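Report on one structure; see the data block that follows.
The values are calculated or read from the model by the stated rules, or taken from the named source; none is laboratory data. As the structure is a computational prediction, the values presented were derived from the model and not from experiment. Ideal geometry is used to build each Cβ from the backbone, glycine not excepted, and the neighbour counts take in all protein chains shown. For accessibility, only protein heavy atoms count, side chains too; no ligands or nucleic acids. Shrake-Rupley method; radii C 1.70, N 1.55, O 1.52, S 1.80 Å.
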Amino acid sequence: MCIFCKIINNEIPSNVILENEDFMAFHDINPKAPVHVLAIPKIHVESFNEVSPQTMKNMTKFMQDVAKEVGIDKSGYRVITNVGDNGGQEVKHLHFHIVGGAKLAWSHLSDADPMGKF
Ligand code: 5GP
Ligand code: ZN
């Protein structure tokens, strides 16, 4: 069973923010911003590549509710999902990082030279 399925099953403890029948949101164990939450579906889906539009439809509302719950909906935030090797996905259970609580950087996403900038 994957690590996030174990969190869903309460086999691994987590700091839960919001939960319903289908989704769960909890604080990232290694935050990269003052607010760093992970939102996941309770069904095991490997990544954004595999998720159904129906799941995403309901997940959209859930993530909006999470942003409100942690108080970053007005100040702004970023939603990120890493997919596969180049995306840097470490946990192979779909998750959306919801990060905020401060101005976020947007300067350097890749060591590859995009347009002769580096
Ligand atoms: P990825 O790199 O796959 O997009 O992100 C995985 C995220 O899961 C990382 O930000 C990492 O800190 C977080 N993470 C990994 N294991 C655990 C855990 O056991 N509990 C929590 N709360 N977060 C975890
Ligand atoms: Zn899983």
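The table below lists the values:
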| item | result |
| --- | --- |
| Single residue of segment 45-73 satisfying the filter (of a type in the set (D, E, K, R) and in a helix (DSSP H, G or I)) that is farthest from Leu18 (Cα to Cα) | Lys57 |
| So Ile12, is it more than 15 Å from ligand 2 (Cβ to nearest atom) and either open to solvent by 80 Å² or more (accessible area, probe 1.4 Å) or of a type in the set (Val, Ile, Thr) (or both) | no |
| Within segment 41-56, considering residues that are of a type in the set (D, E, K, R) and in contact (Cβ under 8 Å) with a residue 40 or more places away in the chain, the one nearest to ligand 2 (Cβ to nearest atom) | Glu46 |
| Enumeration of residues in segment 24-37 that are open to solvent by 10 Å² or more (accessible area, probe 1.4 Å) and closer than 14 Å to Asp65 by Cα | none |
| Some residue of segment 59-70 being within 13 Å of the chain's Cα centre (by Cα) and touching a residue at least 40 places away in the same chain (Cβ under 8 Å) | yes |
| Selection count where residues are at positive phi and within 10 Å of ligand 1 (Cβ to nearest atom), scope segment 1-56 | 0 |
| First in segment 26-40 and farther than 17 Å from Lys92 by Cα, second anywhere and assigned to a loop (DSSP other than H, G, I, E, B) and open to solvent by less than 10 Å² (accessible area, probe 1.4 Å), Cβ under 7 Å, 6 or more apart | Val35/Ile72 |
| Count of segment 86-118 residues which are among the hydrophobic types (A, V, I, L, M, F, W, C) and touching a Lys or Arg at 6+ places or on another chain (Cβ under 9 Å) | 4 |
| Residue list for segment 74-118, filter: free of Cβ contacts under 8 Å to residues at least 40 places away in the same chain, open to solvent by less than 100 Å² (accessible area, probe 1.4 Å), in contact with a Gly (Cβ under 9 Å, 6 or more places away or on another chain) and in a loop (DSSP other than H, G, I, E, B) | Ser75, Gly76, Thr81, Asn82 |
| Criterion violated by Lys61 - all others in (1) out of contact with any strand residue (DSSP E or B) (no Cβ under 9 Å at 6 or more places or on another chain); (2) within 16 Å of ligand 2 (Cβ to nearest atom) satisfied | (2) |
